[in-house]
Structures are given as structure tokens and as C-alpha cells.
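Working notes for the structure below.
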Amino acid sequence: MKRYISAISVAAASLLGACNKSLDPQVYSSLTNANAFVTESDAIAAVNSVYARLKGPTVGDNFEYWTVRHFALTDLTTDVGHCSYGGDPGQLSLAQWNSANGLIGQDWLYAYKLISDANNAIYNITPMTGITAAQKAQFLAEVKFCRAVSYMDLTDAFGPVVLATEKDLASPNYTSQPKPAPVATIDSLLIGDLTNAASVLPLNYANNPIYSTNDVGRATQGAALTLLMKLYLRERNWQKVADLTQQIMSLNVYNLYPSYLGLFTEANKWCSENIFSVLCDANTNGAELMNHFGPLNHPVVQNRWQYYAVSWDFWSSFDSADDRKWCFYPSYMGVDGLEHMAGPTLTAQAPAGLFYMPDIATKKYADSLGSVNSYYDGHSVDILRYADVLLSRAEALNEINGLNAESVTLINQVRARSHAPLLAMGNYTQSSFRDALLQERGWEFFYEGKRREDLIRMNKYDVIVNAYLTRIGQTPSIVMPKNQYFPYPQSQVQLNPNLDNSSR
């Protein structure tokens, strides 16, 4: 018996050896630190990977960061956004969040993933000798611009945060617990990076010597100047905002798109109003914007979730002549056989045949002409667009000069595009015009990642959000300055005790 087993064992061993020998892999190349960053295509791949992080792609899902979840922090937590679901988004919608909220943690995570990839690209592209000086300057400027987007997002949401740069990769310490850097320190880095990027990046990529195609989604001179404008707007450095907006306007590159509704259709991926956008393609690199923003039980835009909606309170604030009021789905006959509409009161019970919607879905990322039969869609997300430049200039000039004709002309330029009634200068003071600008920005930029920062900058976050919560029968719970920043995610506090939530 033993010999039999031994014989079998020897035979099996021989067979296994033969199999292993025949299956030995032939190594054609090996990626190492020495050969990973050698050619131009290596550098471009690293740059492109940083852009990809703006969508935070994961296997099977494309709804992270700027292609859905970022809006949970910037809009759901204000008077604009509303979520009728429970859990993390419901907490944010009712201003009842805490450090364990998963969406707060996700925003932190994906911003830092982009920063990590950016730092890695900067660290490895900088010493490259296989590309020209012009290529290196271009690639580094693009990556630092993207990194600045994420640091702006983080400091808007959390204030002081850990500052990680390419310098940390020379001698990495993976167990360190650094203290958060002051916002002013981070802003200083971003000002230098964006100022340099504006001097390096082209106006556009038509006939570009580095990229063979007109890559409209890449960072440009105008994008760097506009993000720098946003930083100074947050700092309330009005003269810098006025100077930068004039510089951007003088580029003669940007214009308002003729139609507000047309601006956000899936077919309009890029136009003269876009300054920097996250671009998607339904067939090859789609997002899940339509899933999250689309209406429930709609006969055309079917099988959507209405996860991120707006309150009826906000929708009712639009003038009926304003095209932007019709960037929504206020009523329709649902596939459930019910007529979907607003209820007469918040607590009204719908009679047979009707469904009173708790909130209203927007067409901004779920138009009925888009990929209505596809799980993924190809809507663009405009991080920076020209209307923001015009309204930021109007705000800065109002703060510098008081009420003035140019500021009124600028806001009316934006309103006229949507056929909203124009403002008459004689009806306003500096203070009431400031309020009109804040309201205008809400109507123009809902679910574009700007509402919360606007309310905070104009010292109205607690006043406006608490008034809204009261109107809808909820507890007015915003307290400033405590709620200027979100708490650091609990998972991060456990890793780094220097992230202190005691005052948040």
C-alpha cells in the first residue's frame, strides 16, 4: 500500500513539475520605480489618473466626489437640497449630521485620493528627463490645478486639514499623525500653484503642441484664474476678485450659453460657458447622475431614485417667467398610475389617484432627452462656469463701491438668459443688493457645489437654513460658528487624534 501511494505521489509530483514547467510565465516587462516614469505617455497617464479622481471611480460605481456625492455636503445641507430618504443623506438634509456620517467621510476620502495621486504624479514627473521642459511644465500645472480643486473642497468643508504634498514622498512616514494646517497656510500653497498654472496653461487645447486632440476637459489658463478667483472670494478679498474677473473676461473666451435648460442637457457636454467641467460619456465612462437626480416613477426617465432633489420651498421661490423654474419635474403621470405633484400642505394626505411628492426632482442632471434607458449617463458637471465669474464680479464691486450700475448690469445679464425679470437699480441698497445676489446664486447654481459656501461667505448660513427648517416643520439646528465646518470623519479621528472635533 505504501509503495502504491509513493508511486502515485512520485507520478503526481512529476506531472506537477511538468505542468509548472509548461506554465512558467514569460516576463515581457516589469514596472519598477526605475521605468515607471520614462516617456511622455507615462507622464500623460499619471496626469489623466488625477483627473479621473474627480469622479472617484470604483468598480461598478461612478457616483463619488463631483459626480454625485460631493453635492450632499454642498447643497443638501442648505435651503436648496432635500432628500426624503433616511440614513446619511437624510441627516444632512435635516442638518442633523455627526462625525459618523458616511457621506462626510466619503467626501474627505475621495478628495484625499485625488491629492495622493497628484502628489505621486508631481513627485515622479519632476525629475523626468524623457520629456521636454514645456511638457513637464504643462503636466505639473494640470496636476497642481486638480490638487487645488480638492484642497479648496476640503478647506470649504472642514477648514484646517492635513496638508500633504509631493515633499512628503521623499521620506514617507506612514504612521505619522500630523496636525491640521491652518487654512491660510493651505491657501498660500494654492495661490502659488494657481498663479503659476495660469502662466503656463493654454487658453484651450485646439492645435496644442503637447496634446494631439482638442481635450476640452483639461485645465486651462481660464480655469486656473477662475479657481484663484474662488479662493479670493472665500477670503473676501474683493479687489483681487475684481481684478481676476476682469482678467478672465478680457480673455474673450467665455460667454453665457443662450439657454439655461440647454446648458445642462446630456448632449451639451462642452460649450463657451464651461471653464472647467467633469466630462462623462454614457457608453465608455458614464456617471450615475441621472440615477441619483432623476424623478421617481417617471414615464420617460424611468427607474431613477430621486435621491438628490430640491425642496418645494426652494422651487416656489422662482419667478414663473424664469426658465430655471422649469429645470424640474413638478408634475407628471407616473408609471405607477398616480399623478405626481406638490401637495397643498406639507402634511396633506393625497386622495386616490394622486401622489404628493415630498420634494421635486431636477432636470439639471436628468434631462428627458438624455440616456433615459441606460444605467450610466454622460452629463457634464460644471465645477467652474462663466456665470460664476459674472456674479462674483458683481458681488466684489458691490462690496468695494456700494451699489453700482455695473453690478446690476452683471446680475441682469445672468437673469436675462433665463428670461427672469430684470432688477432695477433704484429698488436696491448695497445691503439689499447683496441679498439679491445670494438669492440669484441659489437659483443659478443649485446642485453645482456652491450653495453652502455662498451662505457662509455672506454670513447667512444659520439665518437662511434655520428659517427654511422652521418653514418645513423641522428643528432649526444650525449654530454658527460651530457649523461653519463639518466634523472630521470619525474614522479619520481614530487614525489621527490631532483631528479634534471638540468644537465642531
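Note on D243 and Q494: with the Förster distance fixed at 56 Å, the Cβ-Cβ geometry gives a FRET efficiency of about 0.80. Around the amide H of M333, modelled in the peptide plane, lie the amide H atoms of H340, all under 5 Å away and 5 or more residues distant in sequence or on another chain.
A simple count of charges around S317, restricted to other residues whose Cβ falls under 12 Å of its Cβ and scoring Lys, Arg +1 and Asp, Glu -1, yields -2. Seen against the Cα atoms of the chain and their longest principal axis, helix 238-249 is set at about 70 degrees.
Let a ≥ b ≥ c be the square roots of the eigenvalues of the Cα gyration tensor of the range 259-340; is it rounded (a/c under 1.5), or, if not, prolate (a/b larger than b/c) or oblate?
oblate
FRET efficiency for the W270 to S41 pair, using the beta carbon distance and R₀ = 22 Å, is estimated at 0.35.
What the phi angles of the range 139-152 give under the Karplus curve with 6.51, -1.76 and 1.60, with θ = phi - 60°, is a coupling list of 4, 5, 5, 4, 5, 5, 4, 4, 4, 5, 4, 5, 5, 5 Hz, glycine and proline written as x.
So the label point goes 7 Å from the Cα of F355 along Cα→C-beta, right? Which residues of the range 301-319 then have their backbone N under 13 Å from it? Counting backbone N atoms under 13 Å from the label point, the list is 301-307. As a length-normalised measure over Cα pairs under 8 Å and 6 or more apart, the relative contact order of the range 317-455 settles at 21 percent. Under 15 Å from the Cβ of T347, count the other residues' Cβ atoms, weight Lys and Arg +1, Asp and Glu -1, and hand me the total. Within the 15 Å Cβ shell, the charges total -1. Helical runs (DSSP H, four residues minimum) scored at -39500 (n - 2.57) apiece and divided by the length of the chain put the mean residue ellipticity at 222 nm at -14000 deg cm²/dmol. Within the assembled protein chains, the solvent-accessible surface assigned to R304 is about 10 Å², based on a 1.4 Å probe. Each label was represented as a point 7 Å from its Cα along the Cα-to-Cβ direction; for Y211 and M480 these points are 3.9 nm apart. The structure shown yields volume of the Cα convex hull per residue in Å³, and of the options (1) 172; (2) 144; (3) 218 that calculated value carries the label (3). Label sites at N173 and L369, each approximated as a point 7 angstrom past Cα along Cα to Cβ, lie 5.7 nm apart. Centre-to-centre separation between the Cα atoms of the range 353-369 and those of the range 52-106: 19 Å. Could you tell me which of rounded, prolate or oblate describes the range 317-413, using a ≥ b ≥ c as the square roots of the eigenvalues of the alpha-carbon gyration tensor, with rounded for a/c under 1.5 and, failing that, prolate when a/b is larger than b/c and oblate otherwise? Because a/c hits 1.5 or more and a/b fails to exceed b/c, the range 317-413 counts as oblate.
Taking amide H positions as modeled 1.01 Å from N, with prolines and chain starts lacking one, the residues under 5 Å from I383 and 5 or more places away or on another chain are F276, S277, V278. Where a ≥ b ≥ c are the square roots of the eigenvalues of the C-alpha gyration tensor, would you call the range 113-197 rounded, which needs a/c under 1.5, or, failing that, prolate if a/b is larger than b/c, or oblate? Oblate, since a/c reaches 1.5 and b/c is not below a/b. For the residues V161, V335, V253, a 1.4 Å probe over the protein chains yields an accessible-area ranking, largest first, of V335, V253, V161. Against the main long axis of the alpha-carbon atoms of the chain, helix 405-417 sits at an angle near 70°. Just the protein heavy atoms count here, and of the accessible area of the chain at 1.4 Å, carbon and sulfur take up 55 percent. Can you tell me the orientation of helix 221-234 relative to the chain, as the angle in degrees between its alpha-carbon axis and the longest Cα principal axis, to the nearest 10? Relative to the chain, helix 221-234 is tipped by roughly 60 degrees. Near T129, once Lys and Arg are set to +1 and Asp and Glu to -1 for all other residues with Cβ below 15 Å from its Cβ, the sum equals -1.
As an exercise, use a Förster radius of 35 Å and the Cβ-Cβ distance of T129 and R236 to find the FRET efficiency, rounded to the nearest 0.05.
FRET efficiency, T129 to R236: 0.20.
Of all lysines in the structure, the ones whose alpha carbon falls short of 25 Å from that of K179, not counting any fewer than 8 places away in one chain, are K113, K144, K167, K482. Stretching the chain fully between S331 and T284 yields a gain of 13.6 nm (0.36 nm per residue, less the alpha carbon separation).
For a straight C-alpha distance cut-off of 13 angstrom, the aspartates and glutamates reachable from K460 (same-chain residues fewer than eight places away being disregarded) are D79, D435.
The values are calculated or read from the model by the stated rules, or taken from the named source; none is laboratory data. What you are looking at is a predicted structure, and each value in this text was computed from that prediction instead of being measured. A quick note on method: Cβ atoms are made from the backbone with ideal geometry, for glycine too, and the neighbour counts reach across all protein chains shown. Quick note on the areas: whole protein, heavy atoms, side chains included, nothing else; ligands and nucleic acids left out. Shrake-Rupley method; radii C 1.70, N 1.55, O 1.52, S 1.80 Å.
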